[in-house]
Amino acid sequence: MTTKASILGYGKTDITNFVIMMVIAFAFVPMVVQTDYWYSSILIPWLCLSLAAIGQQIVMGFAGQLALGAAGFMAAGAFACFNFILRVPDIPFFVALILSGLVAAAFGVLFGLPSLRVRGIYLMVATLASQFFIVWMIDKFGWFKNYDTSGIITAQDIVIFGKPFTSPLEMYLVIVVVVTVLTILAINMARGSTGRNWMAVRDMDIAAESMGISLLRTKLQAFAISAFYCGVAGALFAFTYLKSLEPVAFDIKLSFKILFMVILGGLGTINGAFIGAAFILLFPVLLNSVGNNVFHGAIDATIISSIEQVVFGVLIIVFMIYEPLGMARLWDNIKRRSRKAN
Amino acid sequence: MTQDRKFPIGGPILEAKNISLSFGGVNAITDSSFAVLQHEIKAIIGPNGAGKSSMLNCINGIYSPQVGSISFKGKKLQKISPNVIAQMGISRTFQNLALFKRMSVLDNILVGRRLHLDANFLQIAFQLPKARTEERKNREKCEELIDFLEIRGIRDTPVGKLPYGLQKKVELGRALATEAQVLLLDEPMAGMNVEEKREMCRFILKVNDEIGTTMVLIEHDMGVVMDISDSVVVLDYGKIIADGSPDEVRSNQQVIDAYLGVAHD
Ligand SMILES: Nc1ncnc2c1ncn2[C@@H]1O[C@H](COP(=O)(O)OP(=O)(O)O)[C@@H](O)[C@H]1O
Ligand SMILES: [Mg+2]
């Protein structure tokens, strides 16, 4: 039985797990992983998209608002960061990053307003507007792109305390720091009354209101915090993975990808964001390498990409029906079983 | 039980004046007035569809009556949303369970203490001392409540997985956790067996006795109503046909004709 000593649910195992993860992230990976490919093409995008998935998780998994448009908030964050660094001399990178998150959060509040009126699929359509509006706005007003006409703007180098962080390993370390901090904050919120208020609104809004929760404040707060996470993720994604700023990189497809990460990873769990992001990113890589190495290219690339779509589609339906808690739940079950076996 | 009360029944705390509520053409409540006295247990009875639930919904701001007014401690509750009314000190349970299904029993009860927490999300995210202290205090209160309701065994179970009777109990727990001055209980014992009903009555009476919570309770079981209530209001077709002590109501001819004499459910 859980005792009163484990306030907020942080027990010994939580702390052990945390220490293990930090050792892996800051010592083991930098020592073992030597190829740039792993950082640039797998670890960096995985961590950036996991952060965006936490954002999607907050609004959808915790607050139960079927929002679609994470990529729009990512675009807002990315271009905000570009402009802060461009226009504010000597702005520290982390300050620019936080401000970018806040800009995205402001859009989050704005486009969260429909949630006070509509829900479900209608809300999904309404929040899609954010996606189109933000990308349109960036394209329409040259100021956001510093009047660049080439369509692709190179992202500035990340400089922290005068030291540039430009190699894949260095950028990876910057991201790990940001993701670690924001993940801890998200877990604290999720386990505290902030998260309980979100989940109460998700599960039964009328009862939540009768317990003194303001639906307006709680929903808009979830949208704002969600967009903050997406904004920071977008800025990191542009500055470390894309290394450029182009609105098309933040299209509706990316929003759907993040939505699927959350559904497959498991709604309402922070772990699920990381697991879902890993799956969505790694599965195509795996499929490709199976195609190349096992079948030696005998299978056409278009067939492989259709297989990918079919598998995602089927998995999403299966998880929605049988296991809304997603892969995070399956993972928990495996852990529990192996503990029993020991 | 009327003698020697720690919280003797006082003046009106909640007053409904000439309430009328209709949905399209259906008149759910027609020109009804009644008062709830401080520290009393007031039962609302009447056949199905009489407008009892609608009455509670008007009081806690889910519905707003087209005519008439409701006042709580002298303040009008016109066009105020349920969360503000909760802040003023009125909480409730629902006829058709309105629990947070995917959350554990403990978390459901913790949400009930929402108004006793005021750290903002940043203080919580950074686990500043204020957030930690109030969270610890509230958890302690909830653990006490869990012991009081004798539901320790299901503390960490997601509420949706519990049988109906236990869910009803958890919902009462969540309402009690609010420590509201007035609790509106919409059929808290519906679907329970005699044993479970007796237990629920014990909890309700004990809370009323020990902390003086005013209760407005909808209940069909006349035995229960006569046992635990200080006064009874009888609704029939949206109109109040009697309002008084259990004995007065029981012997009221209109009530016998309209309600008690007729088999219901
Ligand atoms: N939200 C609603 N929309 C339409 N009609 C309603 C609504 N709520 C209650 N009613 C109607 O109001 C009347 C009273 O219902 P209710 O208050 O639930 O009765 P009771 O709780 O006494 O069984 C019924 O005729 C019911 O159909
Ligand atoms: Mg009813």
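The values are calculated or read from the model by the stated rules, or taken from the named source; none is laboratory data. Since the structure is predicted, the reported quantities are computational estimates derived from the model, not experimental observations. No Cβ is skipped: glycine too gets one built from the backbone with ideal geometry, and neighbour counts run over all protein chains shown.
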The condition of being facing another protein chain (nearest Cβ under 7 Å) and either at negative phi or touching a residue at least 12 places away in the same chain (Cβ under 8 Å) (or both) holds, among B:Gln78, B:Gln87, only for B:Gln87
With respect to B:Leu185, determine if the residue is closer than 30 Å to B:Ala35 by Cβ, in contact with a helix residue (DSSP H, G or I) (Cβ under 9 Å, 6 or more places away or on another chain) and crowded, with 22+ Cβ neighbours inside 10 Å.
yes
For this session: Inspect the stretch A:101-110 for any residue being surrounded by 24 or more Cβ atoms within 10 Å (Cβ to Cβ), out of contact with any Phe, Trp or Tyr (no Cβ under 6 Å at 6 or more places or on another chain) and not hydrophobic (A, V, I, L, M, F, W, C) and give the result as yes or no.
Result: no
Restricting attention to the stretch B:116-161, the residues that are within 9 Å of chain A (Cβ to nearest Cβ), surrounded by fewer than 19 Cβ atoms within 10 Å (Cβ to Cβ) and closer than 17 Å to A:Ala208 by Cβ number exactly 1
Within the stretch B:86-95, restricting to residues that are within 16 Å of ligand 1 (Cβ to nearest atom) and part of a loop (DSSP other than H, G, I, E, B), the one that is surrounded by the most Cβ atoms within 10 Å (Cβ to Cβ) is B:Thr93
Picking from B:Ser251, B:Ser229, the residue that is modelled with pLDDT under 95 and of a type in the set (Ser, Thr, Tyr) would be B:Ser251
Those strands (runs of 3 or more DSSP E) completely within the stretch B:159-265 that have 2 or more residues that are farther than 30 Å from B:Leu117 by Cα are B:231-236, B:239-244
Counting only residues in the stretch B:208-227 that are surrounded by 20 or more Cβ atoms within 10 Å (Cβ to Cβ) and not polar (S, T, N, Q), the one nearest to B:Ser54 (Cα to Cα) is identified as B:Ile218
Restricting the stretch B:10-63 to residues that are aromatic (Phe, Trp, Tyr) and surrounded by 17 or more Cβ atoms within 10 Å (Cβ to Cβ), the one farthest from ligand 1 (Cβ to nearest atom) turns out to be B:Phe34
In the stretch B:20-33, residues that are touching a Ser or Thr at 6+ places or on another chain (Cβ under 9 Å) and more than 16 Å from ligand 2 (Cβ to nearest atom) total 4
Just one listed residue, out of B:Ala180, B:Ala98, is under 30 Å from B:Val232 (Cβ atoms), crowded, with 23+ Cβ neighbours inside 10 Å and either within 8 Å of chain A (Cβ to nearest Cβ) or modelled with pLDDT of 95 or more (or both), and it is B:Ala180
Considering only helices (runs of 4 or more DSSP H) wholly within the stretch A:121-214, the ones with at least 3 residues that are under 23 Å from A:Leu245 (Cα atoms), under 22 Å from the mean Cα position of the chain (by Cα) and more than 9 Å from every other protein chain (Cβ to nearest Cβ) are A:168-191
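Each row is one residue, and each column tells you yes or no for (1) away from ligand 2 (no atom under 16 Å from the Cβ); (2) outside any strand (DSSP E or B); (3) in contact with a Gly (Cβ under 9 Å, 6 or more places away or on another chain); (4) within 16 Å of B:Ala16 (Cα to Cα).
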| residue | (1), (2), (3), (4) |
| --- | --- |
| B:Val36 | yes, no, no, yes |
| B:Ala43 | no, no, no, yes |
| B:Asn48 | no, yes, no, no |
| B:Val84 | yes, yes, yes, no |
| B:Leu110 | yes, yes, no, no |
| B:Leu115 | yes, yes, yes, no |
Query raised in the report: In this structure, does B:Leu110 turn out to be more than 17 Å from the chain's Cα centre (by Cα) and in contact (Cβ under 8 Å) with a residue 24 or more places away in the chain?
Result: yes
Checked against (1) more than 9 Å from every other protein chain (Cβ to nearest Cβ); (2) crowded, with 21+ Cβ neighbours inside 10 Å; (3) in contact with a Pro (Cβ under 7 Å, 6 or more places away or on another chain), B:Met103 satisfies every condition except (1)
Output for Cβ contacts, cut-off 6 Å, separation at least six or different chains, first residue without any contact (Cβ under 8 Å) to a residue 60 or more places away in the chain in the stretch B:39-62, second away from ligand 2 (no atom under 13 Å from the Cβ) and in a loop (DSSP other than H, G, I, E, B), reads B:Cys58/B:Pro65; B:Gly61/B:Ile80; B:Gly61/B:Ser81
Flagged in the stretch A:47-83 as closer than 21 Å to A:Ile153 by Cβ and surrounded by fewer than 24 Cβ atoms within 10 Å (Cβ to Cβ), in numbering order, are A:Asn83
Those residues of the stretch B:188-210 that are within 16 Å of ligand 1 (Cβ to nearest atom) and out of contact with any Ser or Thr (no Cβ under 8 Å at 6 or more places or on another chain) come to a total of 3
Filtering helices (runs of 4 or more DSSP H) wholly in the stretch A:1-117 for at least 3 residues that are within 30 Å of B:Leu106 (Cβ to Cβ) and at pLDDT 95 or above gives A:44-56
Restricting the stretch B:117-153 to residues that are outside any loop (DSSP other than H, G, I, E, B) and among the β-branched types (Val, Ile, Thr), the one nearest to B:Gln167 (Cα to Cα) turns out to be B:Ile146
